[in-house]
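Here is the structure we will look at.
The values are calculated or read from the model by the stated rules, or taken from the named source; none is laboratory data. The model shown is predicted, which means the values in this text are computed figures rather than measured ones. All Cβ positions, even for glycine, are placed from backbone atoms using ideal geometry, and neighbour counts span all protein chains on display. Quick note on the areas: whole protein, heavy atoms, side chains included, nothing else; ligands and nucleic acids left out. Shrake-Rupley method; radii C 1.70, N 1.55, O 1.52, S 1.80 Å.
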Amino acid sequence: METSNDRALDAAAIAHLQQWVGRSETLTDDIAAAPLRGLSATLDRGDAPPEHGDAVPPLGHWLYFLPQAPQSQIGPDGHPKRGGFLPPVPLPHRMWAGGRLRWEAANPLRLGDAAQRTSRIASVTRKDGRTGEMVFVGVKHEVRNAAGLCLSEEHDIVYRGMPPAHETPPAPVAAETRAPWRRPIVPDAVLLFRYSALTVNGHRIHYDRSYVTQQEGYPGLVVHGPLIATLLVDLVRRHAPGRFIRRFDFRAVRPTFDGHASHVNGAPSPDGRKVRLWAHDHEGWLTMQAEAELE
């Protein structure tokens, strides 16, 4: 059993990290067409070229307001060094654990907008999980254009230490493998590289095989959580074209690794207003679960 002496973070360290709560930053960006063309190609969508004034598709805003840290400020994992806007949590593993998004139907983000994203640290919480010590950082984002609020987002980041040597990892959860909506995906190194490039994500777990296997202890390249979420939303767009997605909530359950066929799945409610979504890996283990609400 873990004792207080095993912890990397005592009460004083957590109190220090909680000083970041309430900290905010505002970034501006011009909503250009090129990133959306790149995403459409990466997802094999075959969309018509986006034009000035077109609405940005759901989760397309993740291609903007991107980090631009100088190379000298990049840490050993490929992320910007700890500190700055996000609290400097001293645990080695960092991942995007989930999020909740709401879009404003009356004011979508559009190509050609001069937009801004205001982000605020909402919470810093320490927990003991089945794989060891964890710190959850909650971030709230609001994206606006000249007309006002376009979307709001709650973003969950989890930091975790190395699991205790004497503990076994949590048992995976079997996913449903039949669904009305279903699409196979083979996430190879090229797909992961393209998505990393689109989102200016330098995290080495997505492209550096020797690093991810030798330093982080994973069996292969890790598929981005936001990419899986984007593929789930893309599944909705393929099966319910033209429907406005008002809300999307998602939670990462288990890492997905490259080189094997995975699936994204959807099951609409009888009235068609909600879609239950999930992803599973080649072994049938649940990797992400989500829900979309449509208008």
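Where both residues lie in the chain, what percent of DSSP beta bridges are antiparallel, nearest 5?
If I count the DSSP bridges inside the chain, around 100 percent turn out antiparallel.
Once the whole set of protein chains is in place, how much accessible area is left on His16, using a 1.4 Å probe, in Å² to the nearest 10?
Counting only protein heavy atoms, the figure is 90 Å².
Extending each Cα 7 Å along its Cβ direction at Ile14 and Ala146, get the distance between those two points in nm, one decimal.
Calculated label separation equals 4.8 nm.
Ordering Met95, Met134, Met288, Met162 from largest to smallest accessible area (1.4 angstrom probe), what's the sequence? Please list the in-between numbers first.
Details: Met95 80, Met134 35, Met288 0, Met162 120 Å².
Result of the area sort, largest leading: Met162, Met95, Met134, Met288.
Please calculate the 1.4 Å probe accessible area of Arg204, with all protein chains present, and give it to the nearest 10 Å².
Its heavy atoms expose roughly 70 Å² to the probe.
Please work out which option in (1) 16.0; (2) 14.3; (3) 23.4 gives mean projected area of the Cα convex hull in nm² calculated from these coordinates, and answer with its label.
Here the calculated entry is (1).
Could I have the simple spin-label model distance between Asp271 and Arg209, label points 7 Å from Cα toward Cβ, reported in nm to one decimal?
5.0 nm
Ignoring ligands, DNA and RNA, what accessible area per residue does the stretch 1-168 give at 1.4 Å, in Å²?
52 Å²
Using a simple spin-label model with points 7 Å from Cα along the Cα→Cβ vector, what separation in nm is obtained for Val21 and Asp44?
With each label point 7 Å from Cα toward Cβ, the separation is 4.6 nm.
From the phi angles alone, apply the Karplus equation (6.51, -1.76, 1.60; θ = phi - 60°) to the stretch 53-69 and give each ³J(HN,Hα) in whole Hz, x where the residue is Gly or Pro.
Values, residue by residue: x, 5, 6, 6, x, x, 6, x, 5, 5, 8, 10, 6, 8, x, 10, 5 Hz.
So what is the 222 nm mean residue ellipticity for the chain from helices alone, if each DSSP H run of at least 4 adds -39500 (n - 2.57) and you divide by all residues, rounding to the nearest 500 deg cm²/dmol? Kindly include the intermediate steps, with their values, before the conclusion.
Numbers: 5 runs with 47 residues, N = 295.
Dividing the helical sum by the residues of the chain leaves -4500 deg cm²/dmol.
Suppose R0 equals 41 Å; then what is the FRET efficiency for Phe85 and Arg178 from their Cβ-Cβ distance, rounded to the nearest 0.05?
0.45
Count charges around Lys274 for me, please; just the other residues with Cβ under 15 Å from its Cβ, Lys/Arg as +1, Asp/Glu as -1.
Values: positive: Arg100, Arg102, Arg243, Arg246, Arg247, Arg273, Arg276; negative: Asp249, Asp271, Glu291, Glu293, Glu295.
Every neighbour counted, the sum reads +2.
Assuming 0.36 nm per residue, please report the length gained on full extension of the stretch Thr118 to Ala34 beyond their Cα-Cα distance.
Computed gain between Thr118 and Ala34 is 27.9 nm.
Within the accessible area of the chain, what % is carbon and sulfur when the probe is 1.4 Å and the other protein chains stay in place?
Carbon and sulfur: 52 percent of the exposed surface of the chain.
With the dipole of the chain worked out from charges on the C-beta (+1 for Lys and Arg, -1 for Asp and Glu) around the Cα centre, which of Val212, His260, Val233 lies farthest toward the positive end?
Farthest towards the positive end: Val233.
For the stretch 222-261, with every protein chain kept in place, what is the accessible area per residue (1.4 Å probe, Å²)?
About 37 Å² of surface per residue is accessible.
Which of these, Phe136, Phe248, Phe85, has the largest mean-square fluctuation under a Gaussian network model of the chain (Cα springs below 10 Å)?
Checking each option, the largest mean-square fluctuation is seen for Phe85.
Just how much of Leu149 is accessible, in Å², when a 1.4 Å probe is used and the result is rounded to the nearest 10?
Estimated to the nearest 10 Å², Leu149 gives 50 Å².
Only four residue types carry charge here, +1 at the Cβ of Lys and Arg and -1 at the Cβ of Asp and Glu. Report the dipole size of the stretch 171-294 about the Cα centre in Debye, rounded to the nearest 20.
Once rounded to the nearest 20, the dipole reads 480 debye.
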